[in-house]
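Colleague: The structure that follows is given in the form of structure tokens.
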Amino acid sequence: MSGIEAVLFLLAIAGVVALVVWDRRGKARKQRRAEEASARLQSFAESRGWTYEEGVPSLVDAYQGGEPLPDRASGVMGDNVISGTYRGFGFRAFEYRYYNSDIDTETTQVIVHSVWALNLGVEVPDLRAYRDGWFDTLMRGRAMELGIPRLDKDFHIVSRDEERARAVLLGGLAEFLTSDPRATELPLRLHDGQLITSRSRTELSGETFDEPLEYLVDAAGHLGSLSPARPPQAP
């Protein structure tokens with residue numbers, strides 16, 4: 001091996017070592033940031049008298065079938081789970097982490113969605129209300145039409161029980177969706193006795209935690225005959 005070749009070889013080795021060190025330091029920084037964020041959430045929850053859990057196995061399974069959660073889930077962990085009572089309603093909030101792997105670059109992107117679920121204490125029909133978009137029919141299926149021009153134009157609403165969902169919408173929820181500006185940002189879902197909303201690509205934070213809960217509690221008062229006469233306490 002010539003002198004030049006030896007130098008190039010050593011430079012290549014040094015480059016590989018530098019990349020490994022840089023990668024490990026980057027992962028360590030991300031881990032520290034995640035731990036600090038979890039600690040802040042735990043402190044926030046405890047200051048409110050709520051319960052914090054770092055992770056709950058299979059939690060996402062119970063909420064599957066509505067964006068941003070998967071259509072089907074099995075054994076999917078819910079992270080940074082906060083449970084408690086808000087304005088008399090039991091609730092649970094958590095993060096869903098989706099790991100998107102790129103085979104070409106051998107990297108994994110972690111995408112975090114936040115979910116809030118309010119316990120209504122009554123049986124509700126399946127109903128999902130999204131702000132209308134270009135590809136909604138393709139991605140979410142045929143939308144219900146209520147004969148309310150603004151609702152039909154601005155929202156994409158789907159249900160597996162359209163008859164009961166229609167009664168809920170005409171009983172007050174349609175008016176709420178078309179008059180509350182928060183509905184343009186926060187989707188709304190009725191599922192398994194709960195009222196649910198979410199924020200895509202957003203981590204839970206004490207600074208922005210209350211707004212989705214306020215939205216859910218306000219929406220709970222516009223469910224027609226299904227609106228709870230008295231907020232249930234248990235999440």
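The values are calculated or read from the model by the stated rules, or taken from the named source; none is laboratory data. As the structure is a prediction and not an experimental result, all values here were calculated from the model. With ideal geometry, Cβ positions are generated from the backbone for all residues, glycine too; neighbour counts draw on all protein chains shown. Heavy atoms of the whole protein, side chains included, go into the accessibility calculation; ligands, DNA and RNA do not. Shrake-Rupley method; radii C 1.70, N 1.55, O 1.52, S 1.80 Å.
Colleague: Scan segment 160-188 residue by residue and report those that are open to solvent by less than 20 Å² (accessible area, probe 1.4 Å) and free of Cβ contacts under 8 Å to residues at least 60 places away in the same chain.
Modeller: 165, 168, 169, 172, 173, 174, 176, 177, 183, 186
Colleague: Does residue 202 qualify as being assigned to a loop (DSSP other than H, G, I, E, B) and among the hydroxyl-bearing types (Ser, Thr, Tyr)?
Modeller: Working: assigned to a loop (DSSP other than H, G, I, E, B): yes; among the hydroxyl-bearing types (Ser, Thr, Tyr): yes.
Yes.
Colleague: Mind listing whichever residues of segment 133-148 are under 16 Å from residue 184 (Cα atoms) and either at pLDDT 95 or above or open to solvent by 70 Å² or more (accessible area, probe 1.4 Å) (or both)?
Modeller: 134
Colleague: Tell me, which residue of segment 97-112 that is within 26 Å of residue 213 (Cα to Cα) and open to solvent by 20 Å² or more (accessible area, probe 1.4 Å) is modelled with the highest pLDDT? Lay out the reasoning, then the answer.
Modeller: We begin by selecting, within segment 97-112, every residue within 26 Å of residue 213 (Cα to Cα); these are 97-98, 110-112.
Subset that is open to solvent by 20 Å² or more (accessible area, probe 1.4 Å): 97-98, 110.
Working: 97: 94, 98: 89, 110: 89.
Per the criteria, the residue is 97.
Colleague: Separate question: Sort out which residues of segment 42-82 are over 27 Å from residue 190 (Cβ atoms) and part of a helix (DSSP H, G or I), and write them in order of number.
Modeller: 42, 43, 44, 46, 47
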